[in-house]
Amino acid sequence: MHETALFLGHFHPVWVHLPIGIFLLLALLEAAALLARVRGFGWLPALPERQRTLILAAGTLAAAVAAALGWLLSRGGDYDPALVHRHRLLGFAAAAGAMVLLAVHRRRWLYLPALPLFLGLLAVASHAGGQLTHGSDFLTAHLPERWRARLGFAPAPAPPPPADFEHAVVFADVVQPILAERCISCHGSAKSSGGLRLDSWELLSKGGKHGPLFKGSDLAGNELIRRIELAPADKEHMPPRGKPQLSPDDLTVLEWWVGTGAQRDSRVAAMDLPTAVDEILGPRLGRAPDPVPDRAATLAAAAQTAASMGILIRSMSPDEPWLDVNAAPAGRAFGDLDLARLLPLASAIVWLDLDGTAVTDGGMPALESMLRLERLHLARLPVGDLSLAHLSHLRRLQYLNLRGTKVTDRGLPALRPLSELRALYVWQTAVTPAAVKALGDSIIDARKIALWTAQRDQLDQRIAAERFEGNTGEALRAPVPPVASK
């Protein structure tokens with residue numbers, strides 16, 4: 001019975017507009033009838049008594065149904081009790097006022113002043129419903145400042161400036177703004193669908209009627225992430241279809257936050273940020289982006305360097321300054337000093353191939369300045385574990401080739417900060433498969449893979465359920481004739 005009541009109650013936001021429209025139409029017709037008595041407006045229609053009675057009866061019935069549906073909806077407990085109580089009283093008063101208006105409408109001396117009073121009551125009740133659904137300032141939130149001053153409203157509060165990157169707190173300055181923009185309208189002080197409120201840390205950590213949102217740092221068991229990543233057509237998807245959705249960047253930040261244990265008071269600058277998250281939060285928290293080198297100057301310097309050193313340097317983009325540097329053609333003639341000569345181009349180098357050159361451990365510090373490196377070939381170099389420590393700041397590095405080097409298992413932990421690393425080649429080294437697996441496990445977020453795998457399985461099931469197979473027999477082989485008996 002409770003579920004049926006809630007089902008019917010959810011028709012209240014749709015139905016409630018019907019009595020409002022009916023009584024506004026009645027007011028318009030009554031105003032037209034009064035204006036028709038003025039010279040020059042005789043062409044306006046007068047409202048016959050029977051039509052007035054019909055409109056009033058329809059509006060009264062619609063108001064009574066709206067009040068009943070609103071009462072059923074209020075029993076769900078998703079809204080602030082004080083606001084619900086106020087709106088409920090006003091709604092019942094409006095329904096009662098409509099009945100009174102219907103009862104006295106034949107007495108013109110009583111009906112004419114009662115109608116505007118009733119419309120005022122209807123407006124107050126409607127405004128209370130709007131505040132309940134959209135917030136207390138839903139009508140004035142975007143009022144231009146010049147009109148605010150003329151109407152006596154206080155100036156709109158200026159949004160607080162974003163915390164600077166060095167002092168930003170992960171929940172208050174990163175997570176809470178996302179929740180406030182996309183989730184609070186349904187999970188705030190005025191409305192708390194599912195008994196869940198997200199407008200404070202204490203209420204968020206408490207969870208809702210379906211239990212807590214978090215289970216440690218497990219993405220697959222996190223209700224918040226699960227609901228967000230459901231297909232938009234799924235009835236459990238959040239935010240609901242028709243509401244503004246989270247951007248991919250917002251989802252990336254929330255997944256990272258949950259994966260770190262949903263921390264509250266940690267400072268962003270003190271946390272180990274994956275490259276994707278760092279690139280999102282940097283601009284949001286006011287950190288100046290890394291300057292992009294001038295393309296013309298970079299290419300001119302690159303051409304001069306390549307010619308003087310006997311190496312290959314090519315542009316990777318027709319519009320940007322990024323470079324692919326290949327020192328392999330110089331062979332053993334390219335050493336530590338030559339690698340240091342590349343430092344003026346360091347901020348533009350994205351790919352670097354040192355395969356077979358004479359670079360040693362002593363030249364590796366030069367790589368620390370090449371923060372945009374994505375691919376690095378160190379194959380067949382006389383370098384060992386000490387060199388890997390100089391790579392730990394290359395957070396964009398995705399590919400690393402250490403074939404034929406002196407690297408061992410002891411050096412691999414230095415690569416753990418490389419959250420974007422996806423390909424590591426250690427043929428002909430002393431590195432063991434167990435050490436490679438341990439490094440991979442420390443870099444890859446297995447929780448995300450588990451979550452996406454579960455979602456893929458669900459989608460596969462849905463796809464299979466929607467498939468149709470028809471067969472008219474043309475794919476079958478001709479039947480084998482029976483063997484004749486002798």
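Of all the residues that make up segment 182-194, how many are over 12 Å from LEU224 (Cβ atoms) and modelled with pLDDT of 75 or more?
Count: 2.
Please go through segment 70-129 and pick out each residue that is among the hydroxyl-bearing types (Ser, Thr, Tyr) and either closer than 30 Å to LEU196 by Cα or in contact with a strand residue (DSSP E or B) (Cβ under 8 Å, 6 or more places away or on another chain) (or both). Let's see the steps before the verdict.
Going residue by residue through segment 70-129, those that are among the hydroxyl-bearing types (Ser, Thr, Tyr) are 74, 79, 111, 126.
Answer for segment 70-129, where residues must be among the hydroxyl-bearing types (Ser, Thr, Tyr) and either closer than 30 Å to LEU196 by Cα or in contact with a strand residue (DSSP E or B) (Cβ under 8 Å, 6 or more places away or on another chain) (or both): SER74, TYR79, SER126.
PRO155 fails exactly one of the following numbered conditions: (1) surrounded by 12 or more Cβ atoms within 10 Å (Cβ to Cβ); (2) farther than 26 Å from VAL268 by Cβ; (3) modelled with pLDDT under 75. What is the number of that condition?
With respect to (1) surrounded by 12 or more Cβ atoms within 10 Å (Cβ to Cβ); (2) farther than 26 Å from VAL268 by Cβ; (3) modelled with pLDDT under 75, PRO155 is out only on (1).
Output the residue which, of all residues in segment 1-28 that are part of a loop (DSSP other than H, G, I, E, B) and among the aliphatic types (A, V, I, L, M), is nearest to PRO116 (Cα to Cα).
Of all residues in segment 1-28, those part of a loop (DSSP other than H, G, I, E, B) come to 1, 10-11, 16.
Okay, now just the ones that are also among the aliphatic types (A, V, I, L, M), so 1, 16.
Working: MET1: 39, VAL16: 19 Å.
Restricting to residues being part of a loop (DSSP other than H, G, I, E, B) and among the aliphatic types (A, V, I, L, M), the top hit is VAL16.
Run down ARG314, ARG267 and say which single residue is outside the structural domain of LEU251 (by TED's automatic domain parsing) and basic (Lys, Arg). Quick ask: steps written out before the conclusion?
On the way: ARG267 fails: outside the structural domain of LEU251 (by TED's automatic domain parsing).
Among ARG314, ARG267, only ARG314 is outside the structural domain of LEU251 (by TED's automatic domain parsing) and basic (Lys, Arg).
With LEU459, LEU439 as the choices, which residue is over 28 Å from TYR399 (Cα atoms), at pLDDT 75 or above and among the hydrophobic types (A, V, I, L, M, F, W, C)?
Details: LEU439 fails: over 28 Å from TYR399 (Cα atoms).
Of LEU459, LEU439, the one residue that is over 28 Å from TYR399 (Cα atoms), at pLDDT 75 or above and among the hydrophobic types (A, V, I, L, M, F, W, C) is LEU459.
Given the options VAL359, VAL292, VAL277, VAL258, name the one that is crowded, with 18+ Cβ neighbours inside 10 Å, in a loop (DSSP other than H, G, I, E, B) and among the β-branched types (Val, Ile, Thr).
On the way: VAL292 fails: crowded, with 18+ Cβ neighbours inside 10 Å; VAL277 fails: in a loop (DSSP other than H, G, I, E, B); VAL258 fails: in a loop (DSSP other than H, G, I, E, B).
It is VAL359.
Output the residues belonging to segment 295-305 that are surrounded by 15 or more Cβ atoms within 10 Å (Cβ to Cβ), out of contact with any Lys or Arg (no Cβ under 9 Å at 6 or more places or on another chain) and either farther than 18 Å from MET370 by Cβ or of a type in the set (A, V, I, L, M, F, W, C) (or both).
We begin by selecting, within segment 295-305, every residue surrounded by 15 or more Cβ atoms within 10 Å (Cβ to Cβ); these are 295, 298-299, 301-302, 305.
Next cut, out of contact with any Lys or Arg (no Cβ under 9 Å at 6 or more places or on another chain) only: 295, 298-299, 301.
If the condition is that a residue be surrounded by 15 or more Cβ atoms within 10 Å (Cβ to Cβ), out of contact with any Lys or Arg (no Cβ under 9 Å at 6 or more places or on another chain) and either farther than 18 Å from MET370 by Cβ or of a type in the set (A, V, I, L, M, F, W, C) (or both), then LEU299, ALA301 are the ones that fit.
Residue check: is SER347 crowded, with 21+ Cβ neighbours inside 10 Å, touching a residue at least 12 places away in the same chain (Cβ under 8 Å) and small (Gly, Ala, Ser)? Reasoning before the result, please.
Details: crowded, with 21+ Cβ neighbours inside 10 Å: no; touching a residue at least 12 places away in the same chain (Cβ under 8 Å): yes; small (Gly, Ala, Ser): yes.
The answer is no for SER347.
Would you tally the residues in segment 241-272 being farther than 18 Å from TRP201 by Cβ and among the polar types (S, T, N, Q)?
Number satisfying all stated conditions: 3.
Looking only at segment 222-233, decide whether some residue is under 23 Å from ALA269 (Cα atoms), at pLDDT 75 or above and out of contact with any strand residue (DSSP E or B) (no Cβ under 9 Å at 6 or more places or on another chain).
Keep residues of segment 222-233 that are under 23 Å from ALA269 (Cα atoms), which gives none.
No; the residues of segment 222-233 include none that is under 23 Å from ALA269 (Cα atoms), at pLDDT 75 or above and out of contact with any strand residue (DSSP E or B) (no Cβ under 9 Å at 6 or more places or on another chain).
Looking at (1) of a type in the set (Ser, Thr, Tyr); (2) more than 20 Å from VAL359 (Cα to Cα); (3) touching a Lys or Arg at 6+ places or on another chain (Cβ under 8 Å), can you tell me which one THR429 breaks?
(2)
Given the criteria surrounded by 13 or more Cβ atoms within 10 Å (Cβ to Cβ) and in contact with an Asp or Glu (Cβ under 8 Å, 6 or more places away or on another chain), does LEU47 qualify?
In short, yes.
Would you call SER419 in a helix (DSSP H, G or I), at pLDDT below 95, under 21 Å from SER392 (Cβ atoms) and not hydrophobic (A, V, I, L, M, F, W, C)? Let's see the steps before the verdict.
On the way: in a helix (DSSP H, G or I): no; at pLDDT below 95: yes; under 21 Å from SER392 (Cβ atoms): yes; not hydrophobic (A, V, I, L, M, F, W, C): yes.
No; evaluated as a whole, the condition is false for this residue.
Give just the number: which of (1) modelled with pLDDT under 80; (2) within 30 Å of VAL268 (Cα to Cα); (3) not in a loop (DSSP other than H, G, I, E, B) does ASP164 not satisfy?
(3)
With of a type in the set (Asp, Glu), in contact (Cβ under 8 Å) with a residue 24 or more places away in the chain and either not assigned by TED's automatic domain parsing to the domain that holds ARG380 or not in a loop (DSSP other than H, G, I, E, B) (or both) as the only criterion, which of ASP272, ASP319 stands out?
Working: ASP319 fails: either not assigned by TED's automatic domain parsing to the domain that holds ARG380 or not in a loop (DSSP other than H, G, I, E, B) (or both).
The conditions single out ASP272.
What number of residues within segment 38-72 satisfy the criterion of being touching a helix residue (DSSP H, G or I) at 6+ places or on another chain (Cβ under 8 Å) and in a loop (DSSP other than H, G, I, E, B)?
5
The values are calculated or read from the model by the stated rules, or taken from the named source; none is laboratory data. Please read all numbers here as calculations on a predicted model, not as lab measurements. Positions of Cβ are generated from backbone atoms using ideal geometry, with glycine treated the same way; all protein chains shown enter the neighbour counts.
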